[in-house]
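Here is the structure we will look at, set down as structure tokens.
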């Protein structure tokens, strides 16, 4: 098990990181990333660190990323109504390129 410490000046931008996600690292050289290498599964997320069930230890200054589990995150919405809120916390100008959904009537 390893603890990946997140610097207090760094904001964890992706709040969807959760226990069960897979963590990978890549080494970036001249703006080109290496093939991602599996670090392990997230055991828990704390305010300034992520606890990972260790497979390998990422080197210093490597780029960390995560992948959601297909088993837990492949279900579609079901029901009659859905409400979605898109939020941009950036002060820079941003545009949304595309939004789509898959709708299947659950009953008639």
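Would you confirm whether or not segment 30-38 contains a residue that is modelled with pLDDT of 85 or more, touching a strand residue (DSSP E or B) at 6+ places or on another chain (Cβ under 8 Å) and under 10 Å from residue 3 (Cα atoms)? Scanning segment 30-38, I find no residue that is modelled with pLDDT of 85 or more, touching a strand residue (DSSP E or B) at 6+ places or on another chain (Cβ under 8 Å) and under 10 Å from residue 3 (Cα atoms), so the answer is no. Close contacts from segment 86-100, counting a first residue that is at negative phi and modelled with pLDDT of 85 or more and a second that is exposed (fewer than 10 other Cβ atoms within 10 Å of the Cβ) and assigned to a loop (DSSP other than H, G, I, E, B), with Cβ to Cβ under 6 Å and a gap of 6+ residues or different chains, come to none at all. Based on this model, can you work out whether residue 68 counts as surrounded by 13 or more Cβ atoms within 10 Å (Cβ to Cβ) and either at pLDDT 80 or above or under 14 Å from residue 4 (Cα atoms) (or both)? Against the criterion (surrounded by 13 or more Cβ atoms within 10 Å (Cβ to Cβ) and either at pLDDT 80 or above or under 14 Å from residue 4 (Cα atoms) (or both)), residue 68 qualifies.
The values are calculated or read from the model by the stated rules, or taken from the named source; none is laboratory data. Please read these numbers as outputs of a predicted model, since none were measured by experiment. Note that we place each Cβ from the backbone using ideal geometry, even for glycine, and neighbour counts take in every protein chain shown.
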